[in-house]
Each structure stands twice: as structure tokens, then as C-alpha cells.
1. For peptide B:25-34, how many partner chain Cβ atoms fall within 10 Å of a residue's Cβ, on average?
2. Would you mind calculating the gained length between B:T411 and B:S343 on full extension (0.36 nm times residue separation, minus the Cα-Cα distance), in nm to one decimal?
3. In square angstrom, rounded to the nearest 10, how much accessible surface does B:L378 have for a 1.4 Å probe?
4. Which of the DSSP-defined H helices in chain B satisfy a minimum axial length of 20 Å, computed from C-alpha atoms, and a minimum mean Kyte-Doolittle hydropathy of 0.5?
5. Average partner chain C-beta neighbours within 10 Å, per residue of A:144-155?
6. In chain B, what percentage of the DSSP-assigned beta bridges are antiparallel, given to the nearest 5?
7. What net charge is computed for the residues neighbouring A:G57, neighbours being all others with C-beta under 15 Å from the C-beta of A:G57, Lys and Arg scored +1, Asp and Glu -1?
8. Largest first, what is the accessible-area ranking of B:L37, A:L171 with a 1.4 Å probe?
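The values are calculated or read from the model by the stated rules, or taken from the named source; none is laboratory data. This one's a predicted model, so the numbers in the text were calculated from it and none came from an experiment. Virtual Cβ from ideal backbone geometry, glycine too; neighbours counted across all protein chains shown. Heavy atoms of the whole protein, side chains included, go into the accessibility calculation; ligands, DNA and RNA do not. Shrake-Rupley method; radii C 1.70, N 1.55, O 1.52, S 1.80 Å.
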Amino acid sequence: MSRILSVLGDRTKINTVRRRVGDSRWQRLGRALRVDRSPAQRPLPPVTVKIGPHLRGWHLRLLIGLIGLGCTALIGSAPFLWVISIALCLLMAIRPSGPVPVIFAVLAGLALLFIPPGPWQWRSYLLLFGLHLLVTLGPALANAAPGSLVELRVLTNLVPRFLIIQLGTQLCAFATAALSTQHYALTWLASVAMVILAAAAWLVLARTRKTLAQQPPSAPPTRAHYDDRRWGD
Amino acid sequence: MTQSQQSIEPSRQHRWVLSSAAGAWAIGGVILLVVGLITRRSDVAILGVPLIVGLVWTWIHRPSGAAQVQIYGASMAQPGEVRAQVDLEATPGVGTGHLRVRAQGYRATEVLVDLAQPRTIELAMWTVRTGRRAVFDIDYLSGTADNLLRSGPLSAGPIEITVLPKARPVRELPLPFRLQGMTGPHVSRRPGDGDDLHDIDLFRPGDRLRRIDWRVTARRLAPGLGVSDLYVRRTLSMADASVMLVLDSRDDIGPDVATWGDSAAVRQDEATSLDLAREAAASIARRYLDLGDRVGLEDLGRLRRPVAPAGGRQQFHRLAQQLAWSVPEGEPKPRRRPPRLPSGALILVFSTFLDDEAARLAQIWRHAGHRVVAIDVLPTLVTHHLTSRLATAHRIVAMERNDRLTELSRTGVELVRWHGDPAAGSAAVDVALTALARTRTVRR
């Protein structure tokens, strides 16, 4: 290797900064338009991972943002509400992991308090569906970068659980609506809560029993070694 | 073909933790339920139900065991698509796996895959580089389907794959000045047991009877006399060529001149000088071995024993492996004496000739009577983006190199340029090698 080139090559690390300052506008424009890129600046070739049908991460982030905006449209049309909602939707699209989708859901619930209570309408059921979808998709895509590939089976695996919980919740909402029209507001809520808690407790107990049943029996005690001394010997 | 593989130890994986979203689900659900109860708003309270129920569901169906990741692939490959497989095996409860697959010089790819059942995922990368390479480094994160529970990040790989040089077809090749032995694929200039006629001579003790040329003998008979002298047909003997490939593995430079220093890495989708040298050596060795000649290998970058000349298919595999394993190893030690090569062998020097060492050795071998062919493996350079300082330095180096090559030609070393692009360069290489093959300057 030529010493001249290797020495100059090392110095290009320092010269990069100087060169940027000294560049003409045309060179900068050329770089921006990717006309005179050096070979090292071209995008690197990707590693191919062969999976089934898939979507890009940013498709789903966009979907989350749109769901958030849709939920906002169901709540109301106050400008302040829209400003906060758009900010949160952007935040969710940029970073769907963490607590942001749940914060959005909580704020949506609190925003409902500013609307005078009325009978349950289709909007309420749709809002319940949308917010549940939002908080489910957010953590599921938590680790997926915008450019990553998300296999469609990941999403289809979420569907059964989502539908079961959603169906149960919608039934609860329907029962609530039916009861609330008959002025049993607090009574029904306590009843529904009790039913849900009882069901949850039953599931936990059943699971614990199943886990205990699957555990192998404890090992038989081993014989003491002949030269083991007893206490006090 | 053997396989190289890497796996994650199961003991390190058995750690499931709640994600930050799980805490948010619990707090958010409770807030919505409590606020709804306090304000007597059922539409608010019901929004908290899916969060609480979902969290309970995840806790009930939490994974119990460890997931296993195993990556494996063939230890040898050809330039082109290099492949490997990842086996993912998860216990019940694990829903998704997040993989980030990396390779040096390549853009990492992230995938979120379903892990409800054990599965195998295929990885691939396109390479024009050869040699020993560590590829497919995997970072792995598994979680439940909703990702509320997940295991810590783990790593697997990389696996080591040796990308062997690909032999390009070559039509004709030069032969050494002096062929050796009494058998082989080439016709030598010495009388012996062959097919081509040398001359017709008187029968002598030791000549075979079947070589007697009865027509010539009859024509030479004196009228009225019996048989006096017998004449035999003498033929040229067959011989084989000894070829030594001398690889200059001290340099491994890419087409981008800006990467010749240490400031930037050579791109992985561009063949370097060493890749070209490996390809050229493998192509030429393949052709000679197919003809039945003996080929050996000497590496100028290593002070080790050379691969002795031999023939056969096994020798090609040995040479290809040695070529793939030759890499620059730090600052090379200068050689006081040139490596000893078989007498009468044709010497092919594969080098960039950016310094004097390879050229000096080629001249010494030429002066010793060998036929020496210098194969120039410098890639087609990219210089349009160089700064003025680098461009000046490159111009100086290029001028020195041109002087060196001119001096080589003057001392009788023949020069061939090996082009990297097979589509455009094959014809030029073939023409140059054929011209050398048809040049007969010295008797064999």
C-alpha cells in the first residue's frame, strides 16, 4: 500500500469537516440531489431475511396514527382537543412503544367527561373498538423500526385475543347502556365489575392449578453418604 | 459440505420481564375505571376494561420456558448469494420474535416474526467478495403476542463462511519455456514417445519394432539386394508444465481510492484487488489442472511453505482454499531472498504492483530463466470524487506504478491485466492470454 495514500487517507478524517465548510453551493446541491456521491456514500446493500407476507413498520405506524385521529373525530371537534390529539398521534407514529397509546386512551376517556352524558350511541361502541385496537397495536409494534418487516401472521395472531376481549367489552357496554337507561347506573356498574373480577379470579386460579399439576413430583431423598457425620457427633 | 453454526444458550434466555407498556395498561385501566365510577360515567369506565382484562390475559398465558435460537449455514460458499438458516423454537406463550440481522458492510434488517410454532427463517446476502468472512450476526428479542411480556435481548452468530473464488472460463494459456517429464498433455521439442513426427532415422538397439517405417525402408533398398538398413519414425515426446501461482496478498484495496487509507471502509459489494487476484488465480489454475498440468501456489504475504505443484481435482480444491484463506496480515516482512520455485516453472505473479516488492521478485525470477507473467489485478479505479490532495497523491502513485510496469515489460516479464467485470473483461483477458499462449520465443 502506498504510504502517500494511506497517510492522506488518515488525514481525510480531519479534512472532512474542513471540506464541508469550503464546499461551494453547487457541490452541496449536487450531494443533496445525489448526483456526485462518492461510492462510499451509496446506500449499503441489505441483508435479506426471507419471511412470509409482511408489511413495513411504517405502514403500521401510519395506521396507528390514523386510528388515533379517527378516535378523536368520534370524541368531538374542539380545536384544543385536536391539537393535543394530533401531537399524541404523531408521537405514537414516531414511537408506538411505551405508555403513549395508553395515555391517549386515558385522555380520550377524560375528554368524554367534558361532553354531557347521553345515551350510548354507535360512536361510543366505535370509540371503544378504536381505542382498544390502538392500545393493542402500539406495544405489539414496540420494537419494530419504521423500515422493519412485520410479518402479517404477527397481526393475525393478535386477532383472536383481541376479538374475545373486544366482544366481552362490547357486551358489557351494551349491558351497561341497557341498564343505564333504566337509571341503575351505580348498581349495574358494580355488578359488571364484580362479574369481571370474578371471571378474572377464576381464570387466575384455574391457571395456577394447571401449572401446579404440570410440575414434576419432587425428587426422592437421597441416601446419606456413609461418612456423613450427624449433628453432635 | 460441513456446516458452521451458532446457538444461544437456553439458560440465558429464561428471563421474562413486563414491558413499560404493561405498567401503563394497569395504571391507565385503573384510572379510567375509577374516574368512570366516581363521575358515574359508564362510557368512561368501560374504556378501562380491555386494558385490565388484556393484562390479566397476558399474565395467565405468560410463557414458561426458554426460546432457542440456532443459526447455521454451509461453511463454504461461492460468490453470489450466501445463505444461512435460523431455527427459532419457542415455548407456548411466546408470540413474536424480533430479529435484527447484521453483517459487516451491509444494512441491518429487522423483522418481527410470528413464533407461535417452531420455524426456520432463511437469511441471504449478495456478495462479490471472497475469503473467510463472519456474517449474519443476530440480535434477538422475544415477547408475547401483545408484547406486554418480553425476554431480554440476546445475540447469536456470527457464523464463519469461507467464500471460495469462482473460476472463470479461460481458453488458452501460456506454457513455460521448458516442459518437464516424458508424459503430459503438451508436445515437447525432445524426441520421445509421442504422436508428432520428429524425424526418420536408422534403427538402433533399443528402438521398438513397431516404430519401423517399412515404406521408407523399402524405398531405400538397393536393387537386387536384401534388406540392409531399417528405418524408424521418431516422434516428439509429450510433457507437462509446472506452473507456480505467486499471490501478492499484502494488499487488499478497493476500487475507491479514498478507501486506500484507513478513513473509510471498502464496500462489500465491490471486488477488491485480492478478490480479483483470487479469481484470476483460481481461473488459471482450473484451466491448467484440466489440461493435466501441475500447479502450485506461493503467497508473498506469508512466510510459510508454498503449496507444491501437483495435478488433479483435489489440488484445485486445495488451491482454492488456500487462496480464500490468504489475507493481508499486518505489515509484511521484507523477503531477503526470493522464494524458491521449481526450475523451469511458469511463474504467474498476481499483484497490484503498487510497490516494488512483487516487481523486484518477478524480475529476479525472469533473470533466473523462468517465464514470468505478471497479472495486474488492480480494480478499475473510481477517482472522480477525490479531493485535490488525494487526487495528487493518486497521480503520483499511478505514475510510479506505470514506471514499474514498463520496467517489468522491458526485462521480459509479460503483462496481462485482469478485469473485474466478467461480462466486459472476459474477452480482453482471453485475447491477452491467447496472445501469450501463441508466442513461442524459446525452444521447449
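1. Values: counts 7, 1, 4, 10, 4, 0, 5, 8, 4, 0.
For this peptide, the per-residue mean of nearby foreign Cβ atoms is 4.
2. Values: separation 68, 0.36 × 68 = 24.48 nm, distance 1.91 nm.
So the chain would gain 22.6 nm between B:T411 and B:S343.
3. Solvent-accessible area, nearest 10 Å²: 10 Å².
4. Details: long enough: B:20-39 (28 Å, 2.03); B:42-60 (27 Å, 1.81); B:273-291 (27 Å, 0.09); B:388-410 (33 Å, -0.67); B:422-437 (22 Å, 1.35).
Qualifying helices: B:20-39, B:42-60, B:422-437.
5. On the way: counts 6, 6, 1, 4, 8, 6, 7, 8, 1, 9, 12, 4.
Partner-chain Cβ atoms within 10 Å, mean over residues of A:144-155: 6.
6. Details: 57 of 81 bridges.
The antiparallel fraction comes to roughly 70 percent.
7. Numbers: positive: A:R56, A:R61, A:R95, B:R100, B:R107; negative: A:E151, B:E110.
Net charge in that neighbourhood comes out at +3.
8. Values: B:L37 75, A:L171 110 Å².
Descending accessible area places them as A:L171, B:L37.
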